[in-house]
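Remarks on the structure that follows.
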Amino acid sequence: MKGKLQTISAVMLTAAALSTNVFAAESGSTLDKVKSQGYLTCGVSTGLPGFSNPDSDGEWKGIDVAYCQAVAAAVLEDKEKVKFVPLTAKERFTALQSGEVDVLSRNTTWTLHRDTALGLNFVGTTFYDGQGFMVSKELGVENASQLDGASICIQSGTTTELNIADYFRKNGMSFNPVVFDTASQTAAGFDSGRCDVLTSDTSQLYALRLNLKDPSSAVVLPDIISKEPLGPVVRQGDDAWFNVAKWVLFSLINAEEYGITSENADDMLKSNDPNIQRILGVDGPKGKSLGLPDMWGYNVVKQVGNYGELFESQVGSGSPLNISRGVNALWSDGGFMYAPPIR
């Protein structure tokens, strides 16, 4: 039976990859599609503060949302030309494979399986994260080694499920999974006492804690049990769109490195620094090789900001999450954020 299941699984994965390639071949470049329809279709979460979440006016906010706005600014010269499609963890890859969305920007972990067998390409990393645990302060738990036998709320269809199983097996511990379909359901289960522990990416734990009846009643443990590089995803077989998606992200990071912000972008157009000139499209390769307007980089930074601005306003010190830059700082500041040069 196990062999049959493995065979069926392999066939399904192959079919998914083939359907992706067929979609790409039949529909042509996603870049042409986006230009023709006049807007970008962006797959986001069903609601995660700091990453993709509608505000009180129904406007989508968050670092994942800002990335899609940056793509729209680069391609269509207007960051507002984005249609956001909320997707659960289970729905997200199918929506991208089928062409329902042009790009998936939804706190999604980059893994080998997802980057190969599903017919998808990860653009890069917008947030370096790791899986952790949130517990009620009343339990008096100080670290993950004290969680043996705990009931744990988990969101289905995520890397969280495999990570938690690996961690407990490796450490000779047991746990009782309480599984939900969405992040909000998982948090509600924890809040209502359905489980002792909520596990997810650490950034998500801080976001979900904000929506608890009493956020101060829960604490995020210091343990990190996995690597979770989160980033946007596009379909394989469409290099033109993949290039655009990559270099928009790289422009955000490079802009921060060279001190270009949404506030000073106009003044920076007069800079004599060749690196700044190339980022803003004043000189250098400009937009021809990407199929974009020459000033695509300027449009991105002027309308959306650089990576540092996005981080601080959406998840950092300027947001309720107040997450420190840590490894998400620029490489020059001891972090992991590093982008190839625009030249």
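The values are calculated or read from the model by the stated rules, or taken from the named source; none is laboratory data. For clarity, every value in this text was computed on a predicted model and none was experimentally measured. FYI the Cβ positions are ideal-geometry reconstructions off the backbone, even for glycines, and counts take in every protein chain you see. Surface areas here come from the heavy atoms of the whole protein model, side chains and all, with no ligands, DNA or RNA. Shrake-Rupley method; radii C 1.70, N 1.55, O 1.52, S 1.80 Å.
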**Item:** Of 61/213; 33/227; 33/61; 81/246; 213/302, those spanning more than 29 Å from alpha-carbon to alpha-carbon
**Value:** 33/227; 213/302
**Fill in**
Zone reached by a paramagnetic label modelled 7 Å from residue 211 Cα along Cα→Cβ, restricted to the stretch 132-170 with backbone N below 13 Å, covers 155
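With contacts defined as alpha carbon pairs under 8 Å and 6 or more residues apart, what's the relative contact order of the stretch 179-250 in percent? Provide the component values of the computation, followed by the final result.
Values: 30 pairs, mean separation 13.7, N = 72.
Reported as a whole number, the value is 19 percent.
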**Request:** Tell me what the chain gives for mean residue ellipticity at 222 nm when only DSSP H runs of n ≥ 4 count, each as -39,500 (n - 2.57), the sum divided by the residue total, rounded to 500 deg cm²/dmol.
**Result:** -12000 deg cm²/dmol
**Request:** Rounded to the nearest 0.05, what FRET efficiency do residue 56 and residue 170 give with R0 = 45 Å and r taken as the Cβ-Cβ distance? Could you check?
**Result:** 0.55
**Message:** I'd like the per residue volume of the convex hull spanned by the Cα atoms of the stretch 193-299, given in cubic angstrom.
**Reply:** 178
**Residue among 315, 75, 327 with the largest mean-square fluctuation in a Gaussian network model of the chain, springs linking Cα atoms under 10 Å** = 327
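Counting alpha carbon pairs within less than 8 Å and at least 6 residues apart, what relative contact order, in whole percent, applies to the chain?
On the way: 659 pairs, mean separation 71.2, N = 343.
Once normalised by length, the contact order is 21 percent.
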**Request:** Could you work out which residue, out of 325, 209, 169, moves most in a Gaussian network model of the chain, that is, has the largest mean-square fluctuation with Cα springs under 10 Å?
**Result:** 169
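Considering only the chain, what is the antiparallel percent among its DSSP beta bridges, to the nearest 5? Intermediate results must be reported in sequence, preceding the final value.
On the way: 19 of 35 bridges.
Bridges in the chain that DSSP calls antiparallel: roughly 55 percent.
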**Message:** Sequence gap at least 6, Cα distance under 8 Å: using those rules, report the relative contact order of the stretch 217-318 to the nearest whole percent.
**Reply:** 27
**Request:** Set the Förster radius R0 to 22 Å, insert the Cβ-Cβ distance between residue 145 and residue 227 as r into 1/(1 + (r/R0)^6), and round the FRET efficiency to 0.05.
**Result:** 0.65
**Request:** Please identify the helices of the chain, taking whole runs of DSSP H, that span at least 18 Å along their own axis as judged from the Cα atoms and have a mean Kyte-Doolittle score of 0.5 or higher.
**Result:** 2-27, 63-76
**Message:** Looking at the stretch 123-225 only, what percent of DSSP beta bridges run antiparallel? Nearest 5 please.
**Reply:** 50
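For the chain, what is the accessible area per residue in Å² when the probe is 1.4 Å? Intermediate results must be reported in sequence, preceding the final value.
Values: 15060 Å² over 343 residues.
With the other protein chains kept in place, the chain gives 44 Å² per residue.
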**Prompt:** What's the percent breakdown of Cα-Cα distances in the stretch 186-245 across 10 Å bins, shortest bin first?
**Reply:** 18, 38, 19, 17, 9
**Prompt:** Ignoring ligands, DNA and RNA, what percent of the accessible area of the stretch 68-217 is carbon or sulfur (1.4 Å)?
**Reply:** 47
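Against the empirical 2.2 N^0.38 Å scaling, what ratio does the C-alpha Rg of the stretch 257-330 come to?
On the way: Rg = 13.9 Å, N = 74, 2.2 N^0.38 = 11.3 Å.
Normalised by 2.2 N^0.38 Å, the Cα Rg of the stretch 257-330 equals 1.23.
Return the inverse of the average 1/r over all pairs of distinct C-alpha atoms in the stretch 124-250, which is the Kirkwood hydrodynamic radius, in Å to one decimal. Please report the intermediate quantities before stating the final value.
Working: mean 1/r = 0.0638 Å⁻¹.
Radius from the Kirkwood sum: 15.7 Å.
So for the stretch 96-157, Kirkwood radius off the Cα pairs, Stokes-Einstein at 10 °C and 1.306 mPa s: how many µm² s⁻¹? Write out the running numbers ahead of the final one.
Working: Rh = 15.2 Å.
My calculation gives 105 µm²/s for D.
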**Request:** Grab the eigenvalues of the alpha-carbon gyration tensor for the chain, scale each by 5, take roots, and send me the semi-axes largest first in whole angstrom.
**Result:** 35, 25, 17
